[in-house]
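Undergrad: I have a structure here, written as structure tokens, and I will follow up with some questions on it.
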Amino acid sequence: MSKNLKLGIFGFGVVGQGLYHVLEETKGIKAEILKICVKNKHKKRTLPMRYFTYSKEDILNNPEVDVVLELIDDPVAAYEIVKAALKSGKAVVTANKKMVADHMTELFELQRKYNVPLLYEGSCCASIPIIRNLEEYYDNDLLSAVEGIFNGSTNYILTKVFSEQKTFDEALLEAQELGYAESDPSLDVEGYDAKYKLCIILTHAFGLFVNPEEVINYGIQHISAFDIKIARERGYKIKLVAKSRKIENKVVAMVIPQFVSQKSQLYKVEREFNGVIVEGAFSEHQFFMGKGAGGYPTGSAVLSDISALTYKYKYEYKKTKQDSGLQLSTDIVIKIYLRFDHSVSIDRSLFDQILEEYKALENQYIIGEINFTKLVESNLLTNNNVSVILLEHEEED
Ligand SMILES: NC(=O)c1ccc[n+]([C@@H]2O[C@H](COP(=O)([O-])OP(=O)(O)OC[C@H]3O[C@@H](n4cnc5c(N)ncnc54)[C@H](OP(=O)(O)O)[C@@H]3O)[C@@H](O)[C@H]2O)c1
């Protein structure tokens, strides 16, 4: 495609403005902005007003616009915009993980039906090119696991709490001021944001179309000063980890805090950085690290998608065609640290094996092996007086 791509942008917040600057600095890209649609008529803008509109039709019904960039923070409105754009034959780039994860099946069908591409590299781990790698490089069924730190905001909070002894609230405020947090920070803190990314990755890694409600997300909101003390004493950091692993014909997926030792590549992933470990049957481990939040890192992923459109790139969803019969499952034995207070009584028979127990007046904990299905069904994950942190089997050595 030799002509200039004509862009219509929805949203001019952290990512929209980041993309604008990245685009300005990238002289080689054949793309120009025609219009930017925003919401708030009273907000001061950093570009001349001729760029802006408050009416989505100015972009969606403009025959000159061939690419829609959807960069707004409202996933419901975003889906309507993306659907309308695809139906009118416009290519779409989005960074909206919730919208993509919630509607993956419909978005897949729309792309097929209208023969238009939808790209969303910026939606998963911002600057890390994980989706295109899963599609193009790991395009066979030898992939066994994808896991890592997928949320920059919670990683920033955990870094500040661990290394600078900041309180949780101070660290969250900083993450918000720096533009790393979602407009609704509970999406980050409770592990939803990481889960939406994991669901997108499940499609490109294992060919699964997953309703996000089927995947368990256990966030960092239960982590206490006591848990952090235990982690420090044992030489661990705590990281919010999104995990997916193929075991025979099952794929187990979850978002959960994990004690991470110095031996893990995730140990050094700090602040707003993300880290993704990909494991293959013969390739073993590869590790990707990069900024997982912020306007420029996300803007650069959006720019890479725009650039891919100039050579007519589209996702082929290769794994979905492999008919592998894989099913989502929670059937896996995991090793956990379970901290609770005197108000909670724990049925010890839930555990396959108890490895360690600690009892004091305020805090008690058990370290043991448990089937994840039993843990989910026990309702301990919804109890505010309980904290569960994953231990990798080898992390204990
Ligand atoms: N921030 C990050 O680090 C990051 C990283 C990766 C992905 N993302 C994703 O990128 C998207 C945008 O995030 P952000 O951080 O840039 O959000 P943001 O800073 O809150 O900006 C949101 C923008 O969307 C506009 N908007 C909201 N509803 C609209 C509507 N119905 N029509 C037109 N414009 C609308 C707002 O308009 P006004 O300016 O008029 O308020 C604003 O310009 C989200 O899906 C987020 O999950 C963000």
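The values are calculated or read from the model by the stated rules, or taken from the named source; none is laboratory data. Just so we're clear, the structure is a prediction, and the values are computed from it rather than from any experiment. When we count neighbours, we look across all protein chains shown, and the Cβ atoms used for this are built from the backbone with ideal geometry, even at glycine. The accessibility values were calculated without ligands, DNA or RNA, using every heavy atom of the protein model including side chains. Shrake-Rupley method; radii C 1.70, N 1.55, O 1.52, S 1.80 Å.
Undergrad: Residue by residue through the stretch 169-175, what is 3J(HN,Hα) from phi via Karplus (6.51 cos²θ - 1.76 cosθ + 1.60, θ = phi - 60°)? Round to whole Hz and write x for glycine and proline.
TA: In residue order, the calculated couplings are 5, 4, 5, 5, 4, 4, 4 Hz.
Undergrad: At 0.36 nm per residue, minus the direct Cα-Cα distance, what do SER183 and GLU106 gain on full extension? Give it in nm, one decimal, please.
TA: 25.2 nm
Undergrad: Of LYS268/LYS319; LYS39/LYS321; LYS87/LYS314; LYS27/LYS314, which ones are farther than 28 Å apart at the Cα?
TA: In this structure, LYS268/LYS319; LYS39/LYS321 exceed 28 Å between Cα atoms.
Undergrad: Within straight cross-link reach of LYS243, meaning Cα distance under 17 Å, which lysines are found once same-chain residues fewer than 8 apart are removed?
TA: Within reach: LYS97, LYS195, LYS197, LYS335.
Undergrad: How high is the FRET efficiency between GLU369 and PHE209 when r is their beta carbon distance and R₀ equals 25 Å, given to the nearest 0.05?
TA: Calculated transfer efficiency: 0.20.
Undergrad: Averaged per residue, what accessible surface does the chain expose to a 1.4 Å probe, in Å²?
TA: 44
Undergrad: Just in the stretch 17-75: which trypsin sites (Lys or Arg not before Pro) are loop by DSSP and have at most 11 other Cβ atoms within 10 Å?
TA: LYS27, LYS41, LYS43, LYS44
Undergrad: Would you please state which residues of the stretch 301-318 a label at LYS30 would reach in this model, taking the label point 7 Å out along Cα→Cβ and a backbone N cut-off of under 14 Å?
TA: Label zone hits: 307-313.
Undergrad: May I ask you to evaluate 6.51 cos²θ - 1.76 cosθ + 1.60, the Karplus curve with θ = phi - 60°, for each residue of the stretch 364-379 and list the ³J(HN,Hα) values in order in whole Hz, giving x for glycine and proline?
TA: 10, 8, 10, 10, x, 9, 8, 6, 4, 4, 5, 4, 5, 6, 6, 6
Undergrad: Where the centroid of each part is defined by its Cα atoms, how far is the stretch 327-397 from the stretch 105-119 in Å?
TA: 42
Undergrad: Could you tell me how far the Cα centroid of the stretch 289-312 sits from the Cα centroid of the stretch 151-165, in Å?
TA: 24
Undergrad: Here's another thing I want to ask about it. About its Cα centre, what dipole magnitude does the chain give when the only charges are +1 on Lys and Arg Cβ and -1 on Asp and Glu Cβ, stated in debye to the nearest 20?
TA: The dipole magnitude comes to about 1480 debye.
Undergrad: Which translational diffusion coefficient, to the nearest whole µm²/s, is obtained for the chain from the Stokes-Einstein equation, given a Kirkwood hydrodynamic radius over C-alpha pairs, 4 °C and 1.567 mPa s?
TA: 59
Undergrad: Can you list residues from other chains, or at least 5 along the same chain, whose modelled amide H is less than 5 Å from the amide H of GLY191?
TA: ILE220
Undergrad: Okay, helix-only estimate at 222 nm for the chain: each DSSP H run of n ≥ 4 adds -39500 (n - 2.57), divide by all residues, round to 500 deg cm²/dmol; what do you get?
TA: Mean residue ellipticity, 222 nm, calculated: -9000 deg cm²/dmol.
Undergrad: Would you kindly derive the ³J(HN,Hα) couplings of the stretch 304-309 from the backbone phi angles with the Karplus curve 6.51 cos²θ - 1.76 cosθ + 1.60 (θ = phi - 60°), listing them in order in whole Hz, with x for Gly and Pro?
TA: Whole-Hz 3J(HN,Hα) from phi for the stretch 304-309: 5, 5, 4, 4, 4, 5.
Undergrad: Residue farthest toward the positive end of the dipole of the stretch 163-227, with Cβ of Lys/Arg at +1 and Asp/Glu at -1: which of THR203, GLY219, ALA181?
TA: Farthest towards the positive pole: THR203.
Undergrad: Taking a point 7 angstrom from the Cα of ASN385 along the C-beta vector, which residues in the stretch 316-341 have backbone N less than 20 Å away?
TA: 337-341
Undergrad: Considering amide H positions built from the backbone, and no H for Pro or chain starts, which residues 5 or more places from PHE52, or on another chain, come under 5 Å of its amide H?
TA: Amide H neighbours of PHE52, under 5 Å, 5+ apart: ILE36.
Undergrad: How much of the accessible area of the chain, probe 1.4 Å, is carbon plus sulfur, in whole percent?
TA: 48
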